[in-house]
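Only one structure is covered here, and it is reproduced in the block below.
The values are calculated or read from the model by the stated rules, or taken from the named source; none is laboratory data. All values reported here derive from a predicted model rather than from experimental measurement. In this analysis, Cβ positions are derived from the backbone assuming ideal geometry, glycine residues included, and neighbour counts consider all displayed protein chains. These area figures cover heavy atoms from the full protein model, side chains too; ligands, DNA and RNA do not enter into them. Shrake-Rupley method; radii C 1.70, N 1.55, O 1.52, S 1.80 Å.
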Amino acid sequence: APQSQKSTRRENCSQALMAMAETWPETLLPHWDYFINLFKCSNGSSKYVAIYVITSLTKAAPERFANNFEDYFALLDDESVMVASHAALNAAKIALACSSLRTEIINCLLQVDKTHHDPNHLGLVKAYVIEALDALYPLASNQSDILNFVISQKQSSSAKTVKLVKAFVKKYNP
């Protein structure tokens, strides 16, 4: 079927772009603005690729990210749970690359309750937030805020989130 061939081609191209950004970011850095503009498109798959490409490019050129901070973190409130979740997950890699923005990035993650997501979807997004916070916790200046946030998720509707809460607490607050 032509539609499935088209879908397969799109998926292969997306994977190639994300791998290229990770391996040879300098080839895609001149196209930074193009990927940032994808954050505002209506296609969730395009936003997903843009998240991963910008994350990889930020590791190569961290000074570029600050100007696009708001655009990136607006994705936490995206209508697509997939987009919001992967924006949260990749926020850790961005925070590790941009140490001057680390506390601000952590605070954006801790404020995920201010998004529009219904409780069940929000529970899943919070699993990705907790994964990101797990990577940032040892470097965080606001560890007590992070721990309180994580512990407050132990009654989540998401089994994945509850599992991550237990692992986080065992690791950092035995």
Only one of the values (i) 43, 21, 9; (ii) 28, 20, 14; (iii) 36, 18, 16 was calculated from this structure for semi-axes √(5λ) of the Cα gyration tensor in Å; name its label. (ii)
Nearest-0.05 FRET efficiency for K114 and W24, computed from C-beta distance (R0 41 Å): 0.65
Could you work out how far helix 159-172 tilts from the main Cα principal axis of the chain, as a 0 to 90 degree angle to the nearest 10? 60 degrees
What accessible area per residue comes out for the chain, rounded to a whole number of Å², with a 1.4 Å probe? 52 Å²
So for R0 = 35 Å, FRET eff. of H31-S144 from the Cβ-Cβ r, to 0.05, ends up at 0.30
Please list 3J(HN,Hα) in residue order for the stretch 135-149, calculated via the Karplus relation 6.51 cos²θ - 1.76 cosθ + 1.60 where θ = phi - 60°; whole Hz, with x for glycine and proline. 6, 9, 3, x, 9, 6, 7, 10, 4, 5, 5, 5, 4, 4, 4
Compute the Cα gyration tensor for the stretch 10-92, then decide on rounded, prolate or oblate, letting a ≥ b ≥ c be the square roots of its eigenvalues: rounded whenever a/c is under 1.5, prolate when a/b is larger than b/c in the other cases, and oblate in all that remain. oblate
Using θ = phi - 60° and the Karplus form 6.51 cos²θ - 1.76 cosθ + 1.60, what ³J(HN,Hα) does each residue of the stretch 96-108 get, whole Hz, x for Gly and Pro? 5, 7, 10, 4, 5, 9, 4, 5, 5, 5, 4, 5, 4
If you fit an axis through the alpha-carbon atoms of helix 44-60 and take the longest principal axis of the Cα set of the chain, what angle between them do you get, 0 to 90°, nearest 10? 80 degrees
